[in-house]
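Q: Below is the structure I would like to discuss, written out as C-alpha cells.
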Amino acid sequence: MTDRQRQIWIDRAAVTAAWIAALVFFFPIFWMVLTSFKTEGQAIQVPPLLIFEPTLENYLEIQERTNYAKFAMNSVVTAFGGTLLALLIAVPSAYAMAFNTTHRTKDVLMWMLSTKMLPAVGVMMPIYFLAQKFDLFDTRTLLVVIYAMMNLPIVMLILFNYFREIPKEILEASRMDGTSTFNEIRQIVLPLAWGGIASTALLSIILCWNEAFWSIVLTTTDASTLTAFVASFQAPEGLFWAKVSAVSTLACAPIVVFGWMAQKQLVQGLTFGAVK
Amino acid sequence: MAGLTIRNLVKRYGDVQVMHGVDLDIEDGEFVVFVGPSGCGKSTLLRMIAGLEEISDGTVSIGDREVNDVAPSKRGVAMVFQTYALYPHMTVYENMAFGLRQAKTPKDEIDRRVTSAAEVLQINDYLERSPRNLSGGQRQRVAIGRAIVRDPEVFLFDEPLSNLDASLRVQTRLEIARLHERLKSTMIYVTHDQVEAMTLADKIVVLRDGRVEQVGSPIELYERPANSFVAQFIGSPQMNFFTGGDVATGPAGYVDGDTLGIRPEHLIACDAGAALVSGKLELVEQLGEYALAHLITAQGSEFIAKMEKPPAEAYGDTLHFTAIPERLHVFSPDGLSKRG
C-alpha cells in the first residue's frame, strides 16, 4: 500500500468514527422525539417499535392538564435574566482584570473558578434559608440571582480571555484620545469583544436553561422552569414514557432552536484588522 | 506649540530602575529622535511624556506646564503607535474623529479638521473604509491623521515605520519629514534605526540602559561622538575600533590602552610605510557604487574598509590603510572620547 492509499484509509476511518460518535450522541434525542409521538402502550413495547402511526395525544394532554407556557416563560425569564445579571457584573470585572493585570490576577481567577468545584448541594441549606428569610422563595428573582452567581465564574473567565485579545495599544490610543473608562468599555472594548460576549451569553443561557437542581429545590409552582416541569412528570405510580418524552421534547425544543439561530450570528465577524 | 523640558526623570518597576535621571531640553518646533538598542528605555521615555507610563520621579513639562499628573489627552500631545492601533470597528473617518468627539467638538469643526488632515495625507478617498481594508502604508497614514486632527503641541512617534516594508519605509520617512516642514510642530520620534534618526532629526538623543549617552545634531554625533557607544551606534557600517598592537603609530594624544576609532569610509589605502593600520583581506562585498573590504589585523581585530573599487589584491593578502588626523577618534579605556 502506498503512503497515499494509507492516508486515504486513515481519513475514511476517521470520518467513520466521527459519524459513529455523532450517531451515538444523537440517538437518545432521536428516541425521545420518536417516543413522544407514540401511545403509552407503544412506548413500552418490547421489541421497540420503529414503524408506527404517530399520534399527538401526548402533546394535547400536556396542553390540557398543565400550563406549559408558564413554565416556558419562567425558563426564558430566568435564563436571560441570570445571563444579563452575570454579564453586568462580569464585564467590568473582566475589564479590570484583563487590562490591569497583576501577578495575583491568575490566583483570583482560579479562586473564582474553584467555587465551581463545590457541589451545589453543599450550599443548598443556607441558600434555602436565605431565600425564605428574604421572602424570595419560589420567585423568578431568586432564580435570576442564583443563576447569575452560578455562571459568573465561567462567564468571567471567558470574557477575561476575549478581552485580553484586544491589543493594549488600542486602549492606549483611546486614552490618548481622551475617553473616560466608561466610554472606553462602551465604545472600544464591547464592540471589539462583541463576538466573544455574544457566545459567552449564549453559553450562559444554555447552562441556565438546563439547570434543574436549584429550580427544583427553590421553586414550587410560581417560578418553576421547564426542567422542574419535566421532573414533575415522575408520578408515584411510575413513569409515563410517552408523556415524559413529549414534555422533554417541549423543554429542549426552544433552546435548540435558539442555539441554531444564534449560531450564525456568533461567527466572530470582527477580526482585529487594524493591528498587524 | 511648545517645547519640552525633562528634569531628572526616573522610572522604576518595583525594585527595578529602568530610567536613571534623564535631563533633556527640546525646543519648540524641533524634530527630536530617540535612538538606542532595544531595551535602552527610549519607548519608556516617550510613553512617560505621553502619560501612558507613570513618572516615578522627576518632572516632564510641556511649554511652561508641568504635566506629571495631567491626563494623556490633556497634555497637548498625540501619539502614533508602532502597530497603528486604529479602532478596527470604526471607519477611517470615525477613527480620526474619535478624539474630537470625546472632547465634544462641534460636528462641522470635526468635519473640517478631518477633511483637511485627510487631504494633507491623501487619504480622502478612504474615509468610509474600515482599517481592515487598507494596506499597511495607508493604515499608517490614518494613524498619523488621527494625531494631526487633534492639533497637538507635540507629536510622538513610537517606531512608526517598523511594520512597513523597505520601500514604503523610505517613502513614509520622507512624508513625515515633509509633514514636520509643513506643521512646524515639535516632534519626538523613537526608532532603533540610525538611518531614520540621521535623516529625520534636528537633534538626536542616544540612549543606553535608561541613560542619555549624548544629545546633538546628526552631524555632531557622526563627527564628534562623545564615547565609543555613540561612535559605534551612529554610522553604517559601524566604526572600526583598533587597540594596542593594531596601530602602527597612534595620533597625538594616543597612549597605550586607548582605543582608536576610524569609520570604514575614512580609511585610505596606502603603502606599507605610511600605514596606520594593516590587515589581511578576508572578504569583499561588491555593492556597485562602492565595495566593502572585510579585513583582520595581525592581532585578530576585524575591521571594514569602504572602498570606491574592490581591491586588486587576493584574499589572504595584506592591505595597508591610513586616515587624515581629523577623522581619527581616540577613546580612553573608559570609552570616553579624548577629543572632549
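The values are calculated or read from the model by the stated rules, or taken from the named source; none is laboratory data. Computed from a predicted structure; not experimentally measured. Every residue, glycine as well, gets a Cβ built from its backbone with ideal geometry; the counts of neighbours run over all protein chains shown. Each accessible area value is taken on the protein alone, full model and side chains, heavy atoms only, with ligands, DNA and RNA left out. Shrake-Rupley method; radii C 1.70, N 1.55, O 1.52, S 1.80 Å.
Q: Among the residues of segment A:126-140, how many are touching a residue at least 40 places away in the same chain (Cβ under 8 Å) and part of a helix (DSSP H, G or I)?
A: Of the residues in segment A:126-140, 4 are touching a residue at least 40 places away in the same chain (Cβ under 8 Å) and part of a helix (DSSP H, G or I).
Q: Out of segment B:162-205, which residues are free of Cβ contacts under 8 Å to residues at least 40 places away in the same chain and β-branched (Val, Ile, Thr)?
A: Within segment B:162-205, B:170, B:172, B:176, B:199 qualify.
Q: Limited to segment A:6-39, what total is found for residues that are closer than 17 Å to residue A:248 by Cα and either without any contact (Cβ under 8 Å) to a residue 12 or more places away in the chain or under 31 Å from the mean Cα position of the chain (by Cα) (or both)?
A: Here the count works out to 14.
Q: Condition first: open to solvent by less than 50 Å² (accessible area, probe 1.4 Å) and among the aromatic types (Phe, Trp, Tyr). Can you find one or more residues in segment B:284-293 that meet it?
A: No.
Q: Anything in segment B:84-93 that is at the interface with chain A (Cβ under 10 Å from one of its Cβ atoms) and surrounded by fewer than 21 Cβ atoms within 10 Å (Cβ to Cβ)? List them, or say none.
A: Passing the criteria: only B:90.
Q: Among the residues of segment B:302-315, count how many are outside any strand (DSSP E or B) and either open to solvent by less than 40 Å² (accessible area, probe 1.4 Å) or not hydroxyl-bearing (Ser, Thr, Tyr) (or both).
A: Summing the residues that are outside any strand (DSSP E or B) and either open to solvent by less than 40 Å² (accessible area, probe 1.4 Å) or not hydroxyl-bearing (Ser, Thr, Tyr) (or both) in segment B:302-315 gives 7.
Q: Do we have any residue at all in segment A:183-193 that's within 14 Å of chain B (Cβ to nearest Cβ), touching a Pro at 6+ places or on another chain (Cβ under 7 Å) and open to solvent by 40 Å² or more (accessible area, probe 1.4 Å)?
A: Checking segment A:183-193: not a single residue is within 14 Å of chain B (Cβ to nearest Cβ), touching a Pro at 6+ places or on another chain (Cβ under 7 Å) and open to solvent by 40 Å² or more (accessible area, probe 1.4 Å).
Q: Just to be sure I understand, how many residues within segment B:273-301 are in contact (Cβ under 8 Å) with a residue 12 or more places away in the chain and more than 16 Å from residue B:324 (Cα to Cα)?
A: Number satisfying all stated conditions: 18.
Q: Consider residue B:150 carefully, then state whether it is buried (at least 19 other Cβ atoms within 10 Å of the Cβ) and at the interface with chain A (Cβ under 8 Å from one of its Cβ atoms).
A: Against the criterion (buried (at least 19 other Cβ atoms within 10 Å of the Cβ) and at the interface with chain A (Cβ under 8 Å from one of its Cβ atoms)), residue B:150 qualifies.
Q: Quick check on my filter: what residues within segment B:1-29 are charged (D, E, K, R) and either open to solvent by less than 30 Å² (accessible area, probe 1.4 Å) or part of a strand (DSSP E or B) (or both)?
A: Hits for segment B:1-29 are B:7, B:11, B:12, B:23, B:25.
Q: Collect the residues in segment B:103-121 that are facing chain A (nearest Cβ under 9 Å) and buried (at least 18 other Cβ atoms within 10 Å of the Cβ), keeping them in residue-number order.
A: Result: no residue meets the conditions.
Q: Being under 25 Å from the mean Cα position of the chain (by Cα) and not hydroxyl-bearing (Ser, Thr, Tyr) narrows it down to one of B:250, B:235, B:245, so name that one.
A: None of the other options fit; the residue is B:235.
Q: What is the one condition in (1) open to solvent by 90 Å² or more (accessible area, probe 1.4 Å); (2) in a strand (DSSP E or B); (3) closer than 29 Å to residue B:214 by Cβ that residue B:299 does not satisfy?
A: That leaves (2) as the condition not met.
Q: What are the pairs with Cβ atoms under 8 angstrom where one residue, in segment A:223-241, is open to solvent by less than 30 Å² (accessible area, probe 1.4 Å) and the other, located anywhere, is modelled with pLDDT under 80? Sequence gap at least six, or different chains.
A: The qualifying pairs are A:233/A:239.
Q: Of the residues that sit in segment B:316-340 and are in contact (Cβ under 8 Å) with a residue 12 or more places away in the chain and exposed (fewer than 10 other Cβ atoms within 10 Å of the Cβ), which one is farthest from the chain's Cα centre (by Cα)?
A: Filtering segment B:316-340 for residues that are in contact (Cβ under 8 Å) with a residue 12 or more places away in the chain and exposed (fewer than 10 other Cβ atoms within 10 Å of the Cβ), the one farthest from the chain's Cα centre (by Cα) comes out as B:316.
Q: If we scan segment B:55-77, do we find a residue that is without any contact (Cβ under 8 Å) to a residue 12 or more places away in the chain and either in contact with a strand residue (DSSP E or B) (Cβ under 6 Å, 6 or more places away or on another chain) or within 14 Å of chain A (Cβ to nearest Cβ) (or both)?
A: Scanning segment B:55-77 turns up at least one residue that is without any contact (Cβ under 8 Å) to a residue 12 or more places away in the chain and either in contact with a strand residue (DSSP E or B) (Cβ under 6 Å, 6 or more places away or on another chain) or within 14 Å of chain A (Cβ to nearest Cβ) (or both).
Q: If you go through segment B:161-168 one residue at a time, do you hit one that is within 20 Å of the chain's Cα centre (by Cα), closer than 23 Å to residue B:52 by Cβ and of a type in the set (Asp, Glu)?
A: no
Q: Of (1) facing chain A (nearest Cβ under 10 Å); (2) within 26 Å of residue A:186 (Cβ to Cβ), residue B:156 satisfies all except one. Which?
A: It fails just one condition, (2).
Q: Mind telling me which of the residues A:207, A:190 ends up being more than 16 Å from the chain's Cα centre (by Cα) and in the same structural domain as residue A:168 (by TED's automatic domain parsing)?
A: When all the criteria are applied, what remains is A:190.
Q: Next up: Please note which strands (runs of 3 or more DSSP E) are completely contained in segment B:186-257 and include at least 1 residues that are over 13 Å from residue B:34 (Cα atoms) and open to solvent by less than 40 Å² (accessible area, probe 1.4 Å).
A: B:186-191, B:240-243
Q: Ok, one more. Using the structure shown, decide if residue A:244 is open to solvent by less than 50 Å² (accessible area, probe 1.4 Å), modelled with pLDDT under 70 and either of a type outside the set (A, V, I, L, M) or not assigned by TED's automatic domain parsing to the domain that holds residue A:36 (or both).
A: No: the conditions fail for residue A:244.
Q: Just checking, which of A:88, A:84 is of a type outside the set (Asp, Glu), part of a helix (DSSP H, G or I), modelled with pLDDT of 95 or more and loosely packed, with under 14 Cβ neighbours inside 10 Å?
A: On inspection, the qualifying residue turns out to be A:88.
Q: Okay, moving on. Residue B:42 passes all but one of (1) open to solvent by less than 20 Å² (accessible area, probe 1.4 Å); (2) over 25 Å from residue B:177 (Cβ atoms); (3) charged (D, E, K, R); which number fails?
A: Residue B:42 satisfies every listed condition except (2).
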